[in-house]
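Any read-out appearing in this document is the output of simple, stated calculations on the displayed coordinates, not a laboratory observation. The structure presented is a predicted model; accordingly, all values stated were derived computationally and were not measured. Cβ sites come from the backbone with ideal geometry, for glycine too, and all protein chains shown count toward neighbours.
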Amino acid sequence: MSAKKSAEVLIGGRVYTLSGYEEEEYLQKVAAYINNKLAEFNEMEGAAHLSADMRATLIELNIADDFFKAKDTIEKQEADIERKDKEIYDLKHDLISNQVKFEALEETISSLESEKKELLRAKSKLEASLEDALLGSLDLDDGAKRKTV
């Protein structure tokens, strides 16, 4: 655990010593936020006529309002991140599934191409055999015609 730190800050024209485990820069940032809220409130019409307790309560309500709005924004962003994480997971799953299908199709294509080559070879052999058979029968016919002449 880090050491406790102190910082003097100016809030509403008064100097306060804040202590905590945060850096001085952060404590100054908190004080600046409070000063901005005080300035916003003091700019409102009729704020000067309110009691100190009422002003403090209204400023606290404004700060609480900021807190809950920020918290709501964070919750919405977290839900959005969660939704996007699920979408990314689903897309990765689809990608892997499509890659597996693609690889299977590539194997099928390769197998069909091999089968096509074999069939073309067989076709060529059959055509050659048929040609030989036809030429052989023509030779026989020519020989038979020669004998009868």
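Sort Arg55, Arg14 by Cβ crowding within 10 Å, fewest neighbours at the top. It would help to have the intermediate numbers written out before the result.
On the way: Arg55 17, Arg14 7.
With the sparsest Cβ surroundings first, the list reads Arg14, Arg55.
On a 22 Å Cα-Cα criterion, which of the cross-link pairs Lys37/Lys69; Lys37/Lys76; Lys4/Lys71; Lys4/Lys37 come out too long?
Table pairs above 22 Å Cα-Cα are Lys37/Lys76; Lys4/Lys71; Lys4/Lys37.
Under the √(5λ) rule applied to the eigenvalues of the Cα gyration tensor, what semi-axes describe the equivalent ellipsoid of segment 75-149? Give them in Å, descending.
70, 8, 4
Could you sort the peptides 30-41, 127-138 by per-residue average Cβ neighbour count (10 Å cutoff), highest mean leading?
30-41, 127-138
Sequence-distant or interchain residues sharing an amide H contact under 5 Å with Leu50, placed H: which?
So Leu50 has HN proximity to no qualifying residue.
So what's the net charge close to Ala70: Lys and Arg +1, Asp and Glu -1, counting the other residues with Cβ under 13 Å from its Cβ?
Result for the local shell: -2.
Stokes-Einstein D for segment 74-119 at 37 °C, 0.692 mPa s, Kirkwood Rh over Cα pairs, in µm²/s?
It diffuses with D of about 248 µm²/s by this estimate.
Amide H neighbours of Ile11 under 5 Å, at least 5 residues apart or on other chains, H built in the peptide plane: list them.
Tyr16
Step through the residues of segment 38-46 one at a time and calculate ³J(HN,Hα) from phi using the Karplus curve (6.51 cos²θ - 1.76 cosθ + 1.60, θ = phi - 60°), rounding each to whole Hz and writing x for Gly and Pro.
For segment 38-46, the Karplus-derived couplings read 4, 5, 4, 5, 5, 6, 6, 5, x Hz, x marking Gly and Pro.
Per residue of segment 109-121, in order, report the coupling 6.51 cos²θ - 1.76 cosθ + 1.60 (Karplus, θ = phi - 60°) as ³J(HN,Hα) in whole Hz, putting x for Gly and Pro.
Along segment 109-121, the couplings run 4, 4, 5, 5, 5, 5, 4, 4, 4, 4, 5, 5, 4 Hz.
With Cβ to Cβ distances under 13 Å as the rule, what net charge do the other residues near Lys92 carry (K, R +1; D, E -1)?
Taking every other residue near Lys92 into account, the sum is -2.
In Å and from the alpha-carbon atoms only, list the Rg and Dmax of segment 1-74.
14.5, 47
Rg to Rh ratio, the chain, alpha-carbon atoms and Kirkwood radius?
Details: Rg = 44.8 Å, Rh = 25.1 Å.
Ratio of gyration radius to Kirkwood radius: 1.78.
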